[in-house]
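Since the structure comes first, as structure tokens, the remarks are kept for the end.
No value in this document is a laboratory result; all are computed from the given coordinates. Note that the coordinates shown come from a computational prediction; the quantities given were computed from them, not determined experimentally. Positions of Cβ are backbone-derived with ideal geometry, glycine not excepted, and every protein chain shown enters the neighbour counts.
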């Protein structure tokens, strides 16, 4: 069960980053470096989620 709750938390963080990226892109003059860092964090979370899902199955 602990693994599932951890996975749920990672998915919530992934979705929050997606919203944050969308907001940053929607604002003119947003910092491209910041958006790039957010995308990298989102990708790392996705990789971790995929790894955990693989170990659960």
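Data overview
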quantity: Proxy reagent accessibility, fewest Cβ within 10 Å first, across 12, 41; calculated: 12, 41
quantity: Nearest 10 degrees, 0 to 90: helix 2-26 Cα axis against the chain principal axis; calculated: 10
quantity: Estimated [θ] at 222 nm from DSSP helical runs (n ≥ 4, -39500 (n - 2.57)) normalised by residues in the chain, nearest 500; calculated: -31000 deg cm²/dmol
quantity: Candidate values (i) 1.10; (ii) 1.16; (iii) 0.98, label of the one derived for Rg/Rh (Cα atoms, Kirkwood Rh); calculated: (i)
quantity: Residue 34 versus residue 11: modelled label distance in nm, points set 7 Å from Cα along the beta carbon direction; calculated: 3.0
quantity: In degrees, nearest ten, helix 32-56 long axis to first principal axis of the chain (Cα); calculated: 10
